[in-house]
Amino acid sequence: MHKVVVERPRHGRSWATSKAPLKPPFDESPQYESMMANHTRRKWFSDLLGPLRRWLQAQVGRPWNDVYSEACAVIKPDSPIRAHIKTHLLEFVERHTFMHDGKVCILDTSCRGGVKPVTQVGWRRSLFFVHPETTLLEPIQQISKRAWRDREPKPPATTHWLKKNVALQKIRGLWFECHFEVVPVGVRFKAYDHALERVVTRSALTRHDKEYCLCTFKRQLSKRELRRFELRNASIPLSTEAQSSAGISCRRLKTALEASAGRRSWVIGHCSLRCKSALTFRRE
């Protein structure tokens, strides 16, 4: 088995035996050079793992201890080549399994992590698993990466581009018509984005057609426009609704006028009250 798997010519052998490129004269050589620069033609492993997988497939339904004992009887640890075959053998089998909620699970050590059923790791390198109760070797149903991505529910789209600089974007559950401007590259940038509703730098901007876009104006869609584009707002409390940038200046002016009017009425009333109290004191 070990001869069939590893003892064959490695890929890149003809490249490795070719002559090295001629070196430039000493005066024209660079002052600093990487040790790996002139060694781009390399060989790599070409392990033939098909026979090993077929042998494990033929052992499905047998106790894992018996299968591993037969493999160790042939793959002895007296040479690095045979130890390399044992490494591939253990990579194909998920041995650290346990029962969780009535399912055979493993502890995923990838970036996502967590406890996952063994049937949900079909796109990984592991092709078999050891049942924790029966200790039998069982196969893992293989699922392609594309089919695995299609099984996961995709989040609903929150941005629909109408033109190059105009898009329909959902902000806090409400749909807005946002107008964008392209930010040039190579310039220090920091501005207020109406779609994100905060001051942002270039890295936080919206990307479209490989360009950074800044939202300079937004307008909430009317009911007629929502029906036209077949969109629907989410039912959210009134206090958390997003606001259009078109009426920001009007609301600020209205708030300032209300504040000034309230202060003016307070000053007038306070002065009249003082005058009345003074007249009362003089009469007494």
Completion exercise
Rounded to one decimal in nm, the spacing of the 7 Å Cα→Cβ label points at Asn165 and Lys76 is 7.8
Exercise for the section: Figure the gain on full extension for His84 and Val199 (residue separation times 0.36 nm, minus the Cα-Cα span) and round it to one decimal in nm. Expected result: 35.9 nm
Handout entry: Net length gained if the chain between Ser29 and Asp101 were fully extended (0.36 nm per residue, minus Cα distance)
Key = 19.3 nm
Exercise for the section: Rounded to the nearest 0.05, what FRET efficiency do Val183 and Leu231 give with R0 = 25 Å and r taken as the Cβ-Cβ distance? Could you check? Expected result: 0.35
Handout entry: Sum of side-chain charges, Ser203 neighbourhood, beta-carbon under 14 Å (Lys, Arg +1; Asp, Glu -1)
Key = +3
Practice task
Counting other beta carbons within 10 Å of each Cβ, put Tyr32, Tyr68 in order, fewest first.
Solution key: Tyr32, Tyr68
Problem - Long pairs among Lys170/Lys210; Lys86/Lys116; Lys190/Lys223, criterion Cα-Cα beyond 32 Å - result: Lys190/Lys223
Fill in the blank from the handout: The FRET efficiency for Glu91 and Lys223, from their Cβ-Cβ distance with R0 = 45 Å and rounded to 0.05, is 0.15
Fill in the blank from the handout: When Val182, Val187, Val200 are ranked with the fewest other C-beta atoms within 10 Å first, the list becomes Val187, Val182, Val200
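Read the figures in this text as sums done on the coordinates, not as results from a lab. Bear in mind the structure is a predicted one, so any value in this text is a computation, not a measurement. Here the Cβ is made from the backbone with ideal geometry for all residues, glycine too, and neighbour counts use every protein chain on show.
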